[in-house]
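The values are calculated or read from the model by the stated rules, or taken from the named source; none is laboratory data. Here the structure is a predicted model, which is why all the values come from computation and not from measurement. Surface accessibility is based on the protein's heavy atoms, side chains included, excluding ligands, DNA and RNA. Shrake-Rupley method; radii C 1.70, N 1.55, O 1.52, S 1.80 Å.
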Amino acid sequence: MRRLRRTPALRRLVAETRLSVDDLIAPLFVREGIEEPVPIRSMPGHVQHTEASLVQEVKRLAGLGVPAVMLFGVPAAKDATGSGAWDPDGVVQRALATLRDGFGDDVVLMADLCLDEYTDHGHCGVLCGDGAVDNDATLELYGRVARAQADAGAAVVAPSGMMDGQVAAIRRALDDGGHDKVAVLAYAVKYASALYGPFRDAVDVHIAGGGDRRAYQMDPANRREAVAEVALDVAEGADMVMVKPAVTYLDVIADVRRVVDVPVLAYHVSGEYAMVQAAAAAGWIDGPAVAVEQLTAVRRAGADAVLTYFAADVAEALGG
Ligand code: PBG
């Protein structure tokens, strides 16, 4: 076997998996009411952007060849229903409109579609009297968010709340609103993971009463259930499906790749990023090399593209 491993050119020739800048989506945070970007403590290298710094960052990413960005908003005020998520003047809608004007179709503008950044209790939907998340009342609100994001210029909306029926509700709302060209990227398989901690710092989300999302996100113990989840989302009209997190769920990515023909994405999440950065900062691992190895593994497992906080770094390394 070693004959084909002898030189870099030979290794390149026989590589089965390639990680390209074309496969990267950069998640970005935009915060309302700040004058300067605010560093995110647990995600070194990332900030909560002002609208102006967001535009600069998207320009840099586009220059590096990254085809898509995913926007998350941090509103100045939160309420019980998360109304900032569909306010035409809300933080993400304003940012989308600005980016749309500045970049047109040169960058794929994706918007995370959820309520948790906007609700005062931190859950991904509205609550029933008993404190549980009300599935169907939440679907109605997701429809409003989808329309607001599409009106503002999103090319892709990405529901991440794990409500049953969310893709169908959003597809219907988009079509009724004249947005038949706007695609749905379904966070179809999203686990109730402990790896989202740094993200919650990034968006200032605290779940009321020290609660968690286990009553709507998937149990990390389950594998077959992922296949059932993607089948439902594709039947409901998902244009792309996503598995999240990434490196701890490579088996799931491989299963999903086998059962659907739509693009399969994976989300290398905040905790995965933070672990690599922390070990690298301590001098214990070569951070950029580990990042490329992990993202290559995610591609090898079957993901067509990866959302990653390493997008700019990897694009820079690959473009060199
Ligand atoms: C929910 C959402 C979360 C992430 C993306 N969308 C957090 C959660 O489910 O608690 C996590 C992303 C990451 O950790 O990088 N809107």
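On the principal axes of its alpha-carbon atoms, the range 101-176 has extents of 46, 25, 16 Å, going from largest to smallest. How big, on average over all directions, is the shadow cast by the Cα convex hull of the range 156-215, in nm²? Answer in nm², one decimal: 5.2. Multiplying the residue separation of Ala215 and Ala15 by 0.36 nm and removing their Cα-Cα distance gives an extension gain of 67.8 nm. In the chain, the longest principal axis of the Cα atoms and the axis of helix 91-103 are about 50 degrees apart. Remark: accessible surface ordering of Thr81, Thr248, Thr119 (largest first) is Thr248, Thr81, Thr119, probe radius 1.4 Å. Length gained on full extension, Asp79 to Ala254: 59.1 nm, using 0.36 nm per residue less the C-alpha separation. Within the range 108-246, all pairs of alpha-carbon atoms sorted by distance into 5 Å bins from zero give the percentages 2, 11, 20, 23, 21, 16, 7, 1, 0. Extension gain, Glu51 to Ile285: 0.36 nm times the residue separation minus the Cα-Cα distance gives 80.8 nm. The DSSP beta bridges internal to the chain are antiparallel in roughly 10% of cases.
Please say if the range 192-314 is rounded, prolate or oblate, where rounded means a/c under 1.5 for a ≥ b ≥ c the square roots of the C-alpha gyration tensor eigenvalues, and otherwise the choice is prolate for a/b larger than b/c and oblate otherwise? In terms of gyration-tensor shape, oblate.
Taking the three principal axes of the alpha carbon atoms in the range 182-263, the coordinate ranges are 39, 32, 21 Å, sorted in descending order.
Classify the range 1-94 from the C-alpha gyration tensor, please: rounded if a/c falls under 1.5, else prolate or oblate depending on whether a/b exceeds b/c. Prolate. Across every direction, the projection of the convex hull enclosing the Cα atoms of the range 281-320 has a mean area of 3.3 nm².
With semi-axes defined as the square roots of five times the eigenvalues of the C-alpha gyration tensor, the equivalent ellipsoid of the chain measures 30, 23, 20 Å, largest first.
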